[in-house]
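Engineer: Sharing a structure below in structure tokens format, with a few things to ask.
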Amino acid sequence: MRLFAEVYLDEDVSVLIAVLLRARGINAMAARDEDMLGQDDPIQLAHAASLERCIVTHNRIHFESLHREYVEGQRTHWGIIAATRRSPYEIGRRLGVLLNTLTADEIQNQLLYV
């Protein structure tokens, strides 16, 4: 059982959020950290899944479709969190609450919204 989810921020999410999450003790990295800038959403999700990290994105519509594809194909991802565009501080706060409430196992294969 994995207690704490590790986070991968899609390239459209501010890298400041990774800094804010790390300050809260959450293991967070951004697409920029992994040289993944410019990669398509399916590649971003597959990369996050290969790292066993939940992905945070603002691209709700594409990732809802990708989530359905993973579920229908019985493929595993480590969670998708769709964040409404707000200030990085507000998103960081909301993610902090969510990630300190749910375990990594509870987030696995889920599509969540903050």
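Engineer: Residue under question is residue 51, and the condition is that it be farther than 11 Å from residue 10 by Cβ and without any contact (Cβ under 8 Å) to a residue 60 or more places away in the chain; does it hold?
Structural biologist: Against the criterion (farther than 11 Å from residue 10 by Cβ and without any contact (Cβ under 8 Å) to a residue 60 or more places away in the chain), residue 51 qualifies.
Engineer: Moving on. Hey, does the stretch 82-95 have a residue that's under 17 Å from residue 49 (Cβ atoms) and modelled with pLDDT of 95 or more?
Structural biologist: Scanning the stretch 82-95, I find at least one residue that is under 17 Å from residue 49 (Cβ atoms) and modelled with pLDDT of 95 or more, so the answer is yes.
Engineer: Limited to the stretch 72-114, what total is found for residues that are under 16 Å from residue 4 (Cβ atoms) and among the hydrophobic types (A, V, I, L, M, F, W, C)?
Structural biologist: The total comes to 10.
Engineer: Residues to consider are 96, 25, 38, 73; find the one that is farther than 12 Å from residue 9 by Cβ, touching a residue at least 60 places away in the same chain (Cβ under 8 Å) and over 11 Å from the mean Cα position of the chain (by Cα). Write out each step before concluding.
Structural biologist: Values: 25 fails: touching a residue at least 60 places away in the same chain (Cβ under 8 Å); 38 fails: touching a residue at least 60 places away in the same chain (Cβ under 8 Å); 73 fails: touching a residue at least 60 places away in the same chain (Cβ under 8 Å).
After applying the criteria, what remains is 96.
The values are calculated or read from the model by the stated rules, or taken from the named source; none is laboratory data. What you see is a predicted model; the values in this text were computed from it and never measured. Every residue, glycine among them, receives a Cβ derived from its backbone with ideal geometry; neighbour counts consider all protein chains shown.
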